[in-house]
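Read through the structure below, which is laid out as structure tokens, and then see the notes.
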Amino acid sequence: MALATQNKVATTMPASVGFRASIGRLSRRPEVGSFLGMIAVFVFFAIFAGEVFVSAAGFASWLNVAAEIGIVALPIGLLMIAGELDLSVGAVIPASSLTVAIISGYYGAPDSVGIAAALIMGLLVGFVNGYLVLRTGVPSLIVTIGVMFAVMGLTLGFAVLLTGSTSTAIVPHELSKALFGQFIAGMFQVTIFWWILFAALLAYLLHISPYGNWIFAMGGDRVSARNAGIPTERLTISLFMISSFCAAFVGVSQAMVYQSAQVAAGQSFIFNSIMCVVIGGVLLTGGFGSIIGVVLGTITFAMVNQGIFFTSFDPNMGSVIIGALLLVAVLMNDTFRKMALSYSAKKKN
């Protein structure tokens with residue numbers, strides 16, 4: 001009888017220990033904090049905003065916002081994990097919108113030509129960002145601010161020179177409208193599906209492909225990564241090009257949705273995308289984060305940004321909640337990073 005009891009204990013102990021270990025590993029994931037925050041925000045607005053928030057129209061309101069910001073936030077997350085930052089996206093979005101609007105709207109070229117030119121322009125800005133960061137040694141924060149103002153000035157100058165105005169209208173072709181500006185069921189913007197596609201591609205890049213380890217290594221210690229044979233220069237330029245390409249894609253989408261483009265647009269994406277990334281569990285110092293976390297952080301931000309309008313609260317409270325979320329996210333990110341590091345150290349011992 002005693003032997004049977006001992007055997008029972010021996011068989012049950014490993015299972016309980018394994019379960020606790022699994023919970024421990026899960027709690028150290030970078031996206032856990034953002035997931036808990038997203039659930040808390042959803043429950044909050046589901047209670048105070050009522051049925052409207054959880055209706056199809058309510059979901060559409062914040063999903064449409066999340067899709068546009070999310071496409072920009074995803075590559076920003078990759079850059080921040082790699083220890084870099086890109087603020088020029090705020091200028092690339094209106095520049096790409098005006099590029100497609102001027103070429104295909106004002107001059108009447110096929111939509112495909114205008115879209116291609118806008119996306120190529122985005123890739124070019126990203127290449128310039130990466131090249132200047134590498135060649136000057138100046139922090140990417142400063143470099144991309146300079147590039148942002150340069151792109152803003154060029155956009156304004158060329159818009160006035162070519163059209164005589166700071167805004168340009170465009171009537172997209174049916175196919176272009178369906179691909180970039182269509183509203184499904186009259187509510188859900190087609191950009192949501194592009195966001196899902198971009199998230200899947202970048203999740204593969206970061207978490208499955210060998211490039212993901214390179215990105216994390218760069219964020220941890222760039223010098224050691226370079227000494228280990230990682231092509232840090234080529235990877236840096238590639239990440240900046242992906243960031244600007246995604247921003248240009250959002251600019252093209254906006255031109256197709258609103259059928260116009262303006263010089264003064266896109267500035268809110270700069271800090272909104274960074275907030276989504278930080279809320280999603282990515283460290284400002286680099287080397288820690290996940291694509292899933294960025295997606296969850298974007299959803300959380302969008303729910304707060306739109307959900308406040310479904311309540312009886314002062315709309316200005318939305319900024320207060322977002323600010324509080326950002327502070328809590330920074331603290332939680334640092335906590336989860338320390339937990340992950342302590343877990344890794346114990347595992348080695």
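The values are calculated or read from the model by the stated rules, or taken from the named source; none is laboratory data. Please read these numbers as outputs of a predicted model, since none were measured by experiment. Using ideal geometry, Cβ is built from the backbone for each residue, glycine included, and neighbour counts are taken over all protein chains shown. Calculation scope for accessible area: heavy atoms of the full protein, side chains included, ligands and nucleic acids excluded. Shrake-Rupley method; radii C 1.70, N 1.55, O 1.52, S 1.80 Å.
Observations
- Any chance Ala199 is modelled with pLDDT of 95 or more and closer than 27 Å to Gly293 by Cα: yes
- Of the set (1) closer than 30 Å to Ile103 by Cβ; (2) in a helix (DSSP H, G or I), all apply to Ala264 but (2).
- Any hit, the range 212-220, residues being of a type in the set (S, T, N, Q), outside any helix (DSSP H, G or I) and open to solvent by 10 Å² or more (accessible area, probe 1.4 Å): no
- For the range 51-110, a residue qualifies if it is in contact with a strand residue (DSSP E or B) (Cβ under 7 Å, 6 or more places away or on another chain), within 20 Å of Asn305 (Cα to Cα) and open to solvent by 10 Å² or more (accessible area, probe 1.4 Å), and the qualifying residues are Leu63, Asn64.
- Qualifying residue in the range 183-202 (condition: without any contact (Cβ under 8 Å) to a residue 12 or more places away in the chain and among the hydroxyl-bearing types (Ser, Thr, Tyr)): no
- Screening the candidates Gly297, Gly307, Gly287 for the property of being on the phi > 0 side of the Ramachandran plot, at pLDDT 75 or above and surrounded by 14 or more Cβ atoms within 10 Å (Cβ to Cβ) yields one hit, Gly287.
- Lone qualifier among Gly90, Gly50 - being closer than 27 Å to Ala116 by Cβ and touching a Phe, Trp or Tyr at 6+ places or on another chain (Cβ under 8 Å): Gly90
- Residues satisfying the stated conditions in the range 181-196, i.e. open to solvent by 80 Å² or more (accessible area, probe 1.4 Å) and under 19 Å from Leu296 (Cα atoms): Phe193, Ile196
- Number of the condition not met by Ile230 [criteria: (1) free of Cβ contacts under 8 Å to residues at least 24 places away in the same chain; (2) part of a loop (DSSP other than H, G, I, E, B); (3) farther than 30 Å from Val133 by Cβ]: (3)
- Residues in the range 109-135 that are of a type outside the set (A, V, I, L, M, F, W, C) and under 17 Å from Leu239 (Cβ atoms): Gly122, Gly126, Asn129, Gly130, Tyr131, Arg135.
- Residue that is nearest to Pro139 (Cα to Cα), among those in the range 201-211 that are open to solvent by 60 Å² or more (accessible area, probe 1.4 Å) and outside any loop (DSSP other than H, G, I, E, B): Tyr211
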